[in-house]
Amino acid sequence: MNLELTKAEEKVMKILWSIQRGLIRDVVSKYEEPKPAYTTVATIIKILEKKGFVGRKPIANSFEYHPLIEKNEYTTGFMRSFVKNYFSNSYKNLVSELSSNEELSTEEMEELILYFKDKIDNKKE
């Protein structure tokens, strides 16, 4: 499964993850103003169906849509792909880039150090 989504597809998925299931009009109603056209959201959902992200169930004369992939599954796959494509498949390179460009504060770096120390300690047990 291709785990890369466009911004528009990702927005629809975020809405579906939050509501779990709904009709197209339910998805449209969750957008902030200006809301996209119903047909635009319908097209995006159709694309997401083809990509295997969204399933549907007939309801009266319409369809109820639901995510087929969990948000954390998407996030993990996206991050793996991002690190592979932009940081030579190295999380160390990612963190190095963030810290060298001052994207991480000293406090955030200290939190990461403590986080990884805890993870290392748990793996040693």
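The values are calculated or read from the model by the stated rules, or taken from the named source; none is laboratory data. In this text, all values refer to a predicted model and were calculated from it rather than measured experimentally. Positions of Cβ are backbone-derived with ideal geometry, glycine not excepted, and every protein chain shown enters the neighbour counts. The area values use the complete protein model at the heavy-atom level, side chains included, leaving out ligands, DNA and RNA. Shrake-Rupley method; radii C 1.70, N 1.55, O 1.52, S 1.80 Å.
For the reader, a short list of remarks on this structure follows.
- For the chain, the solvent-accessible area with a 1.4 angstrom probe is 74 square angstrom per residue.
- Under-5 Å amide H pairs with Leu23, H placed in peptide plane, nonlocal only: Tyr65
- Whole-percent carbon and sulfur share, accessible surface of the chain, 1.4 Å: 52
- Binning all Cα-Cα separations of the range 23-72 at 5 Å, short to long from zero, yields these whole-percent fractions: 5, 20, 28, 26, 16, 5, 0.
- Positive-pole candidate from Asn93, Thr75, Ile24, dipole of the chain, charges at beta carbon: Ile24
- Proximity of backbone amide H atoms, modeled 1.01 Å from N, is registered between Gly55 and His66, Leu68 at under 5 Å, excluding neighbours fewer than 5 places apart on the same chain.
- Glu111-Tyr31 FRET efficiency (beta carbon distance; Förster radius 22 Å; 0.05 resolution): 0.05
- Of all complete DSSP H helices in the chain, those with a Cα span along the helix axis of 15 Å or greater and a mean Kyte-Doolittle hydropathy of 0.0 or more are 7-19, 38-51.
- Out-of-range pairs (alpha-carbon distance over 18 Å; input Lys71/Lys124; Lys11/Lys84; Lys7/Lys57; Lys7/Lys46): Lys71/Lys124; Lys11/Lys84; Lys7/Lys57
- The distance between label points at Ile19 and Glu97 comes to 3.5 nm (points 7 Å beyond Cα on the Cα→Cβ vector).
- Of all the options Ile69, Ile113, Ile45, the one that moves most in a Gaussian network model of the chain with Cα springs shorter than 10 angstrom is Ile113.
- Value of relative contact order over the chain, rounded to a whole percent, pairs C-alpha under 8 Å and six or more apart: 21
- Convex hull volume of the C-alpha atoms in the range 72-122, normalised per residue: 94 Å³.
- Its Cα gyration tensor gives the range 1-104 an equivalent ellipsoid; the semi-axes, largest first and in whole Å, are 32, 15, 11.
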